[in-house]
Amino acid sequence: MIPTAAPKKKRAPRRCMRCPNRPLLSTCEHRFRKPRLETTGVPSTPNTNVTSTATTIPPIPPPIDPLLLEEERLMRETALLRDGLMQSAGPANIDEQPEEDGGTRTPSPRIDGQSQTQHMGSPGAPASDEPQQEGGGGPHTQARTVEGETQTQPPRTPSPAVQSRSPSPTPSPAMQDEPQSQRPGKEATRRVKRIQPSGVNHFHGFVEGAGRGSEEYRVYRVRELKPPITDETKATKDLERWTIDLLSRCEAISTRSGCWLYMAIQHPAARTPFVHFMSRKLRRDAPEACKLIHREVRQTMNALTRAHRRGRVELEVELEKTKDDLESAQKRAEDAERALEALKAKLAASLQGSSQATDFPQDTQPEQPVHPEE
């Protein structure tokens, strides 16, 4: 037997608690929380069923947007002004004429060929606060004819909100022909075109040392190859940081693609063993070959490291020997220079003694004995 759903309980209709005889709330004016616009001003019927403490809420008029009122007023004034100009299309520049009954003079409209916006006042022009003069049409008054009646009203300036909605002025042809880079307030933006390296556009060159089997594998560089790092300390630090990134990439590539991958890296100046990586598939498929590869690579790395250290020690020994030879040569040069200075001093002393011996006067020389002739 198919179970049937319980019948839905019918809800009792809601009735108004404020009107007499309690009519249905859907047909009563009190079904809204706020009074509607068309019901505003309609006096409510006193309810005799409610207590005396209940008070009638006065109807609240809906809020009126001043911006809409301003726009409506401007549209109405524009239509009236347009109708007045069309009806008063007669002789241009009609001066003010007095009425027949001798009353006040009514200024007739003056058609100066100006645009309609000039009669209404530009958005930026300030409104005149001068009172309207009776019987005269000053510069701040407007003449409008509506169904044979002439009205004079000072121009009004639209609100800033209406001005913001007005369309911007059309640029002049000279400004349109002017290049964008020369316009004030606008700077020409320089666009840099990004070039992606590829097999056709290999502007970074090819990777050196890559191979596929026994042949060379021409792989284009995806980034520029920078020069080697001369500082050994900085090179080892950068290598440690790059090695972590390389190992993470190798693991991701081998795991996601399921390839066989082996990688080994070692710095010549490192004092720790070399770093290597074997993919999971390679270790599972060929464990003995992995041990053999690892042993051969370890022997090769150790031999290279010892050779590098040996060559470095030999260079250091040769450098020390060269320094010793240089120091001994400098010492011999200093000794030779001192000996030369001593010889120079001895020669100067001998020259000075010989010059003093040749400078004796002749009268002081001893007389030679004279022997008589035999």
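Couple of notes before you dig in:
- Residue in the stretch 283-299 that is under 30 Å from residue 195 (Cα atoms) and either over 46 Å from the mean Cα position of the chain (by Cα) or in a helix (DSSP H, G or I) (or both) present: no
- Selection of first residues in the stretch 254-267 that are part of a strand (DSSP E or B) and of second residues that are among the charged types (D, E, K, R) and surrounded by 13 or more Cβ atoms within 10 Å (Cβ to Cβ), restricted to Cβ pairs under 9 Å at least 6 apart or on distinct chains, gives the following pairs, ordered by first then second residue: 264/298.
- Within the span defined as the stretch 284-294, one or more residues are closer than 21 Å to residue 244 by Cβ and without any contact (Cβ under 8 Å) to a residue 40 or more places away in the chain.
- Taken over the stretch 204-228, the criterion of being in contact (Cβ under 8 Å) with a residue 12 or more places away in the chain and outside any loop (DSSP other than H, G, I, E, B) is satisfied by 206, 220.
Each row is one residue, and each column tells you yes or no for (1) farther than 27 Å from residue 231 by Cβ; (2) in contact with a Ser or Thr (Cβ under 7 Å, 6 or more places away or on another chain); (3) among the polar types (S, T, N, Q).
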{"residue": "248", "(1), (2), (3)": "no, no, yes"}
{"residue": "258", "(1), (2), (3)": "yes, no, no"}
{"residue": "262", "(1), (2), (3)": "yes, no, no"}
{"residue": "267", "(1), (2), (3)": "no, yes, no"}
{"residue": "274", "(1), (2), (3)": "no, no, no"}
{"residue": "278", "(1), (2), (3)": "yes, no, no"}
{"residue": "285", "(1), (2), (3)": "yes, no, no"}
{"residue": "295", "(1), (2), (3)": "yes, no, no"}
{"residue": "299", "(1), (2), (3)": "yes, no, yes"}
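- Filter result for residue 238 (over 27 Å from residue 198 (Cα atoms) and within 36 Å of the chain's Cα centre (by Cα)): yes
Read-outs: derived from the displayed coordinates by stated rules, not from any lab. This structure is a prediction, so every number in the text was calculated from the model and none was measured. Methodologically, a virtual Cβ is constructed for each residue, glycine included, from the backbone with ideal geometry; neighbour enumeration extends over all protein chains shown.
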